[in-house]
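**Q** Structure provided below as structure tokens; questions to follow.
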Amino acid sequence: MLDFLLPIWNTFLVHPLINLLVLADYFVHDFGLAVVIVTVAIRLGLFPVFRAQVRSSRAMQELAPAMNDIKKKYAKDKALVQQETMKLYKERGINPVGGCLPMLVFFPVLFAMYAAFQQVGGLSGVHALTVEQLRDTVLWPFLQFTVADRPLDTTIDLTAHWLPWVSSLAHPDHLYFNFIGPLPIISALLQLVASIQALPRNPPQTDDPTQRTMQSMTYYLPLITVVFFKDLAAGVFIYYITTTIFQVIQQYFVMGWGQLPRWIPLLENIPTPADKTMRAREQAAIAEAEHDMEEPDVAVGASRRNGNGGGRRRGRRRKR
């Protein structure tokens, strides 16, 4: 099965990525900068996908207070909670899994980046591709000029001159105690910043253990990531750091600071483009939820009036 998928994997992801990296390296003569350039190009190309993810996350945050009201009112009826929640999603035009879809793009590219360094740099005992092999089996015909002046029996120079402690981006960054280096640590810290920024600034109080677990994982996941993936190629961490910085900037415009002011109080007094919009949409979501929850009471009141002529209306429908 793997032998069947490997050519497809290489043809549609790994080899195109190698072509882009080699092309960028041809112009900047630094493979580290080439990784940054290609990463930015990928993020710009997939901007609509990641923008939809951030907007979906923001919309879910805006609905959080309204969903909390629903859970409180129908605490003893989980089926009704689910029904009212899905109704709220539909009325607000929100897909609850929309925030997960970009991960179907992010992780394949991440793994493809690792595979690219594995083939070009020779990781895990794999023989590094020579310039001749790159030219004959990987590079597209119109990009042959990028290696025309290089000896055929040599390999691509994977040096990032601005990272003097990393001899090759195909090697792991183990500067400190031959165990871990700055790149894995920086990537973990940026992941933590992006995750905290993605949390709502004023989260609703909830007793839902799932929600509490997810919030806890925000702080634990970067540590788990750096421990388990610290041995990846340094070039992969350059990709991860660049794409996370892009994410933080994007979230700033769409979601604001999130919960970052809890840890950096200075940010509390710095407004963001998203603040006013989010407050208005939160209030709209709460009003929508209250209206939906009053509808059953209206129906009960009408039924009583029709039945005994003197029933008292329990709720009043709000105007939209």
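Taken together, the values in this text are just the output of simple stated rules run on the coordinates, not laboratory data. In this text, all values refer to a predicted model and were calculated from it rather than measured experimentally. So basically every Cβ, Gly included, is an ideal-geometry build from the backbone, and we count neighbours across all protein chains shown.
**Q** Would you mind checking segment 225-258 for residues with the amide N under 12 Å from a putative spin-label position 7 Å along Cα→C-beta of Arg51?
**A** Answer for this model: 254.
**Q** On to the next question. Please work out the Cα center distance from segment 123-155 to segment 12-66, rounded to the nearest Å.
**A** Here the answer is 25 Å between Cα centres.
**Q** Something else: Between Leu266 and Glu132, what is the spin-label point distance in nm, taking each point 7 Å from the Cα along the Cα→C-beta axis?
**A** 5.7
**Q** Gain in length, Thr154 to Phe177, computed as 0.36 nm per residue apart minus the alpha-carbon separation, to one decimal in nm?
**A** On the way: separation 23, 0.36 × 23 = 8.28 nm, distance 3.14 nm.
Length difference between fully extended and current span is 5.1 nm.
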